[in-house]
1. Out of curiosity, is B:Gly94 more than 7 Å from every other protein chain (Cβ to nearest Cβ), over 22 Å from A:Thr302 (Cβ atoms), in contact (Cβ under 8 Å) with a residue 12 or more places away in the chain and not basic (Lys, Arg)?
2. Among the residues in the range A:273-288, are any acidic (Asp, Glu), buried (at least 18 other Cβ atoms within 10 Å of the Cβ) and within 14 Å of chain B (Cβ to nearest Cβ)?
3. Considering only the range A:278-309, how many residues are touching a Phe, Trp or Tyr at 6+ places or on another chain (Cβ under 9 Å) and on the phi < 0 side of the Ramachandran plot?
4. Take B:Arg189 and tell me if it is surrounded by fewer than 16 Cβ atoms within 10 Å (Cβ to Cβ) and closer than 14 Å to B:Ala38 by Cβ.
5. Select the strands (runs of 3 or more DSSP E) contained entirely in the range A:1-97, then report the ones holding at least 1 residues which are surrounded by fewer than 21 Cβ atoms within 10 Å (Cβ to Cβ), hydrophobic (A, V, I, L, M, F, W, C) and more than 14 Å from chain B (Cβ to nearest Cβ).
6. Just checking, how many residues over the range B:105-127 are under 20 Å from B:Leu145 (Cα atoms) and either within 8 Å of chain A (Cβ to nearest Cβ) or crowded, with 22+ Cβ neighbours inside 10 Å (or both)?
7. For the range B:112-126, check the following and say yes or no: at least one residue is among the acidic types (Asp, Glu) and under 26 Å from B:Gly173 (Cβ atoms).
8. Taking the range B:68-89, which residues are within 13 Å of another protein chain (Cβ to nearest Cβ) and either crowded, with 18+ Cβ neighbours inside 10 Å or within 18 Å of B:Pro115 (Cα to Cα) (or both)?
Amino acid sequence: MPWRLLFRNVLGHPVRSLLTIGSVAVAVFLICMLHAVTSGLTRTLSAAASNRLVVQSAVSLFVDLPLSYQQKMAPVPGIEAICKWQWFGGRYEQDKGGFFAQFGIDPETFLPSYPEITIAEGSYDEFAKNRSACVVGEALARKYDWQVGQTVPILGTIFTRNDGRPWEFTVAGLYKSSSASIDEQTMYFHYDYLRESLETGGASGPQGVGVYVLRLAPGTDPLGVQQAVDGMFENGPQRVQTTTEAEFNRQFVSMLGDVPTLLQMVGGAVLFAIFFAVLNTMIMAGRERTRDLGVLKALGFTNGVSAALLVAESLLVCSLGAGLGVLLGLVLEKPFQVATAAFIPGFGFDTNTLLLGAGIAVAIGLLSGLVPGWRAAKLTTVGALREVG
Amino acid sequence: MAAEIDIRSVTKTYHRGGEALRVLDELDLQMEGATFYALMGPSGSGKTTLLNLVGGLDHADSGQVVVGDTDLTDLDGSGLARWRAEHVGFVFQGFNLLPVLSARENVELPLLLAPLSRQQRREQAERALELVGLADRMDHKPRELSGGQEQRVAIARAIASDPQVILADEPTGDLDRTTADAVLDLLQRLNRELHKTILMVTHDPQAAGYADKVIHLDKGKLGRIDDNRKATGTGGRS
């Protein structure tokens, strides 16, 4: 195999080679990213706890539940703790375009219900004691350079203060999460702080609770609790839907549409586009080298070597592209992780992602090289030499 | 041992646009080894076709082409490729050097098919280039060489693996007279000093004057064979 000729052929058209390598790199990068998103979603869903149920309105997640439901559900056998969750939908005053989630929760039941969460800095007791305190994820604190003890102004978009000023929360602690289903970019504060402000006329916004999270006692049959809770509010005033945490997460993701299928379709379209681009390049390269192939055959190189030269060239270009694409992905993995942490806490490259990127590039290289390779093998020496170069 | 070439009742027909064109018609021709032959004739007389058959680039429709001890009609495509690598060197009118490789690398190409180490290949290619007077142009790409130099690199490539037969198709067709004479001198030297059997297709009577014998083809049949050695008393143009 004339390896030197192979490398020289690639280097012989530097612009074309670089453009092809660049196209493959972008495609591999995109495929890796899309795979990281879909596998991140899967990880997030599969990391959901089995001993937590989520109670939401049967109408929609956007319809609040009455506050009184907490007391009514408390006696249901198997429920160990109930934690209110209310979506706040605020913006940090210094970064109005930025997004992160804020939830009003019950401090006394929140941390015991989520053993995946640990306080890395500050004190959860301080948080529990102080009505206007909050705990924030380490990643969020890093993003805005928030310190424990600092007061952060948050502008409400759903819940607005009637004096026109932002809400003020004092950071009492920074948490970290050991689970893919819980991100480190969220702010948790006292639900009661919000409720009192609404009740005293200090703020305006919808009354009620977004969802209730039920922590089940060990050995409890979740289905029994689900049926009991759903049955309890069958006749109103607000019907509820009780689901496992995994199912709730799945429904939340599916509100955006069938994300994995959508991403697979985008990935497939990218693959096809790049495959045809590389195929076109390789067919062009094969045609340009018709005479060279004739010379090689005249010198005694077999049809197989002539074909292998083009297949190997295609593989080389695609492999370089794959390497570059994977490298780009690895470099940008962290920033993407930060950007998507609120939606896909499990986002990240794994071995499968990298193998998928590399495998796709090799497949494109092989398939794109086979067409001109087949033509090269079929060329007669005399016909190839007659070709006007 | 220098090759003898035996063409026995060879016929070759091409089909173009539904029309059958018999290019070689029951041709019989015997060529001695270590002899420089020029092959002449009008266009379409079958010169290049005969060269391709002798070089194992094409198959005859009928008849036999025997070079040395090998009957080429018995060999399949890969058998012919192996045979070409060992026994024949080609020089083309358009030089046909690979533009991305240097002169040395072009000459090394056929040596990749021989059981040689990298060092041996390099040395053998350099010897061939020295023989054609291009020791100082080894690392130049074809585009950095003149037409005559390119053709000399092509000749070095043809002799690098030390084949018995060198086939040249209009090797001076793209060259000016002075350069053409230098190339023909070189081919003559290869015949006289290294005893290569050379078969050269040409339209140029002056080029044919360098050969020992001139074979004239006409409509796919043998016309006549002129022996320049008898004419000059020495053997071709000196």
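The values are calculated or read from the model by the stated rules, or taken from the named source; none is laboratory data. None of these values were measured; they are calculated from a predicted model. Reconstructed Cβ throughout: ideal geometry from the backbone, glycine too, with neighbour counts over all protein chains shown.
1. Considered against the rule, which asks whether it is more than 7 Å from every other protein chain (Cβ to nearest Cβ), over 22 Å from A:Thr302 (Cβ atoms), in contact (Cβ under 8 Å) with a residue 12 or more places away in the chain and not basic (Lys, Arg), B:Gly94 comes out as yes.
2. no
3. Going through the range A:278-309 one residue at a time, the tally reaches 6.
4. Numbers: surrounded by fewer than 16 Cβ atoms within 10 Å (Cβ to Cβ): yes; closer than 14 Å to B:Ala38 by Cβ: no.
When the stated conditions are applied, B:Arg189 does not pass them.
5. So the answer is A:79-87.
6. 6
7. no
8. Matches in the range B:68-89: B:Ser78, B:Gly79, B:Leu80, B:Ala81, B:Arg82, B:Trp83, B:Arg84, B:Ala85, B:Glu86, B:His87, B:Val88, B:Gly89.
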